[in-house]
Structure formats: structure tokens, C-alpha cells
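Only one structure is covered here, and it is reproduced in the block below.
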Amino acid sequence: MNTEQSKLFGQYNLRGNHLQNRIAMAPMTRSRTIGEEVVTPLAAEYYGQRATAGLIITEGSPISKVGRGYSMTPGIYTPEQIEGWKKVTDEVHAKGGKIFIQLWHVGRRSHSLIAGEQPHAPSSLKVTDRVYGPLQEGGFGMIETELPKAMTLEDIKNTQQDFVQAAKNAIEAGFDGVELHGAHGYLIDSFLRLHANERTDQYGGSKENRMRFLLETITAVTEAIGGEKTAIRLSPHVAEGAAAHDPEIIDLTYEILKALEPLNLAYIHFSENISNYQEVPDSFRTKVRAVYNGPIMVAGKLTKAKAEAILAKKQADLVAFGQPFIFNPDLVQRMKNNWPLNEGRADAHSTFYGGGAEGYTDYPFYQ
């Protein structure tokens, strides 16, 4: 094993969380719930199968009913949901793994049939998008998003409190920490973007104002559960809901990182190479390291070789894999031993959202 490989598979101390390797399982929506959006009992097996990842980040878990944008996504805002997640964390910990939950508010990427009311957003600007929800003819499928309402200051304060309460609920459920979803055009990300935020109050306009919702929210979460248990996902090189990329988002990201530095967060998670994306230049990664000293995670269609190169250049401390973890519950062992990877069935995408064990817990371990 060469030095680059040993870094990928070597242990890592993540703010006191001792990870068995630097490979993370990226958050992936699977839309499998029971009752009132409680995580399915199968989830304990699903995540437990993958507990050899250094860190698991769960599928996005809505922090409130109005924060929901996809049907059958397991929440973290009711006692029943907390109890459901406890089975997951118990199983992962029993297998020696570590697990963070991703806290999710989708903002305008929703519909009242899913959220229970008009979706919330910084401004009343519709995004051209389709989300997984109830169909008029019955069943579930992709439906067009609705025009959102511009959040009042009271809405903003309530949503920040929802994030804090969800973080507390996550710790009660046994999670090792939380990752705020601040990427992909969801609520936190939309406050940052010029095309989604036309506010004229303290939450819009200048860079400082557009950063305010993110910074206030994550600061409140760190005060509730600790910076070492709090992370955030960002996607400055991904444009969701706009044809053109935001001309200010890269500089804004540097300013966010400078402001986050004193919070001693668990990590910053950059999501890359999906949807409408730009290639990430080395100059960005170099500047990130110059302005931010905390742990960095990178995700986005990585291969083992790309992941090793990023670690070798010290551009990140952790690397996350998404779909390969769906198809390969033993992804870490396969990579470590150079065993072939499952590529998934021909109809794999049809089992990503909804359903039961098929395409969820029935992918084979290497024989």
C-alpha cells in the first residue's frame, strides 16, 4: 500500500471523533419512511451495512413540515422520528461507525402538497424544478414546484429555531453530529444567491446581508450542541435554479469560511460535479486552505484515484462517495483491496426513491 492509499484508509481524528478512515458516505435521499415520515426500520440495516465508512452522513432529514420538499423523507422534528433514528445510530455505533445527520430545509424547492403550506424562501421567486411528491392520479412521482412566499422576519427566526431544535433532537437520537444542508439551491443556499434573494432588509443585498441567515443559524446550532458536532455543506460551483452561475458566490464563499473559522466546526463539506456545475480549479482549493484551517470534505463523482489525489495534495481531509455506497455496502473494503465494484442494476435508478429492501439493503458484499 503506497502512502497515498494509507492516507485514504488511515484513521483520522475529526474534532474528537476517531474515524477509522477518511472515506465518508455522502448524504443521499432514499424516500423510505413509515407513519408520519419516520425513518423505515430497514434504515438501521442499510446504514449498518455501510458502517465501515469513516463517517456516514444520512440522507437529508427535514427540520420541520414546511422544510420538507420530497415525500417520504424521514424527519427529525417529532418524538416518533427521534425514536426511529435511534435504531439507526445504535446499529451504526454497534458496528464501530460514526454517523452525522444532515439537517434539511428545502426552501422553495417544494410544493404545498408536500410541505403542508406554501413553500418558504428568501423571496417570492419560483424555481423551475420538479420534486418527488403525490400525483393527482394517485401514488408518487415528480411534480412541479410552487411559487414560494417571501419569508417574514418571524419566519426566519422560527426557521432558525427549527434548526436548533432539530440539532438537539439529533443528539438525543444518538447522532455524533449534524450537517446543515447549505447547498444545491435549498433554503440556506438560496439566501446566498443573487438570483434567489431579492430582499431589501438585513437578509438581502450586500454580501454581508446574504451571509447573515447562514451565519446566524449555524452559530445558534453550535451554541446548542457544540461546534465540534456541527458541519455544513456548500456548493459554490453548482448552480441550482439558474441558467448562469452567480458571479459573486465564490468570493462570498471565502467570506463565509473566514466567518466560520472561529466556530471550530466539525468540517466544511463541498458538493461538486452534479447538476449545472463548473469544474473546481486548484486555485479555489488553494484559497480555501489559505482562509480556512478546519477540516474539509469533498464529494462529487469521485473515483478512488481522484480521492487519493485530493488527499495527497492536502486539498481535503475527508472524501465522500455517494452512489458507489448504494451499490457497494462494503465500498471501503473493495477499494482497500482493489476488488471490483458493483455498478448497480440496469434499473437501479427506479429503486433510489421509495420502495423497500430492493435496491436498498439487498446489494451484495464482495465474495
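The values are calculated or read from the model by the stated rules, or taken from the named source; none is laboratory data. For clarity, every value in this text was computed on a predicted model and none was experimentally measured. Neighbour counts run over all protein chains shown; Cβ positions are idealised from the backbone, glycine included.
Residue check: is GLY355 free of Cβ contacts under 8 Å to residues at least 40 places away in the same chain, at positive phi and surrounded by 15 or more Cβ atoms within 10 Å (Cβ to Cβ)?
For GLY355, the condition - free of Cβ contacts under 8 Å to residues at least 40 places away in the same chain, at positive phi and surrounded by 15 or more Cβ atoms within 10 Å (Cβ to Cβ) - is not met.
Hey, among VAL127, VAL164, VAL131, which residue is part of a helix (DSSP H, G or I) and either of a type in the set (Val, Ile, Thr) or touching a Phe, Trp or Tyr at 6+ places or on another chain (Cβ under 6 Å) (or both)?
Result of the check over VAL127, VAL164, VAL131: VAL164.
Pick out the one residue from GLN367, GLN333 that is without any contact (Cβ under 8 Å) to a residue 12 or more places away in the chain and under 22 Å from PHE9 (Cα atoms).
Values: GLN333 fails: without any contact (Cβ under 8 Å) to a residue 12 or more places away in the chain.
Sole residue among the options that is without any contact (Cβ under 8 Å) to a residue 12 or more places away in the chain and under 22 Å from PHE9 (Cα atoms): GLN367.
Considering each residue of the stretch 304-355, count those that are within 30 Å of VAL131 (Cα to Cα), modelled with pLDDT of 95 or more and among the polar types (S, T, N, Q), and give that number.
2
Counting just the residues of the stretch 73-82 that are touching a residue at least 24 places away in the same chain (Cβ under 8 Å) and surrounded by fewer than 22 Cβ atoms within 10 Å (Cβ to Cβ), which one comes out farthest from the chain's Cα centre (by Cα)?
The selected residue is GLU80.
Report, by residue number, each residue of the stretch 346-365 that is in a loop (DSSP other than H, G, I, E, B), over 18 Å from GLU37 (Cα atoms) and among the hydrophobic types (A, V, I, L, M, F, W, C).
Result: ALA346, PHE365.
Among (1) buried (at least 20 other Cβ atoms within 10 Å of the Cβ); (2) under 22 Å from GLY67 (Cβ atoms); (3) at pLDDT 95 or above; (4) among the small types (Gly, Ala, Ser), there is one condition GLY227 misses while meeting the rest; what is its number?
Going through (1) buried (at least 20 other Cβ atoms within 10 Å of the Cβ); (2) under 22 Å from GLY67 (Cβ atoms); (3) at pLDDT 95 or above; (4) among the small types (Gly, Ala, Ser) one by one, GLY227 breaks only (2).
Can you tell me which residue within the stretch 230-264, out of those that are under 17 Å from the mean Cα position of the chain (by Cα) and touching a residue at least 60 places away in the same chain (Cβ under 8 Å), is nearest to GLY107 (Cα to Cα)?
Residue satisfying both the conditions and the ranking: GLU240.
For the stretch 144-161: of the residues being part of a helix (DSSP H, G or I) and among the β-branched types (Val, Ile, Thr), which is farthest from the chain's Cα centre (by Cα)?
First, the residues of the stretch 144-161 that are part of a helix (DSSP H, G or I): 153-161.
Those left that are additionally among the β-branched types (Val, Ile, Thr): 156, 159.
Values: ILE156: 21, THR159: 18 Å.
Ranking the candidates gives ILE156 first.
What residue, among those in the stretch 113-144 that are without any contact (Cβ under 8 Å) to a residue 60 or more places away in the chain and buried (at least 20 other Cβ atoms within 10 Å of the Cβ), is farthest from ARG32 (Cα to Cα)?
Here the answer is PRO119.
Just to be sure I understand, how many residues within the stretch 316-345 are touching a strand residue (DSSP E or B) at 6+ places or on another chain (Cβ under 6 Å), in a loop (DSSP other than H, G, I, E, B) and not charged (D, E, K, R)?
1
Take the conditions within 30 Å of GLY356 (Cα to Cα) and either crowded, with 17+ Cβ neighbours inside 10 Å or modelled with pLDDT under 95 (or both) and apply them to GLU279. Does it pass?
In short, no.
Tell me which residues, restricted to the stretch 90-114, are farther than 17 Å from GLY69 by Cα, outside any loop (DSSP other than H, G, I, E, B) and either over 17 Å from the mean Cα position of the chain (by Cα) or basic (Lys, Arg) (or both).
Residues satisfying the conditions are ASP90, GLU91, VAL92, HIS93, ALA94.
Mind telling me which of the residues GLY107, GLY69, GLY84 ends up being touching a Pro at 6+ places or on another chain (Cβ under 8 Å), under 30 Å from ASN13 (Cα atoms) and not hydroxyl-bearing (Ser, Thr, Tyr)?
GLY84
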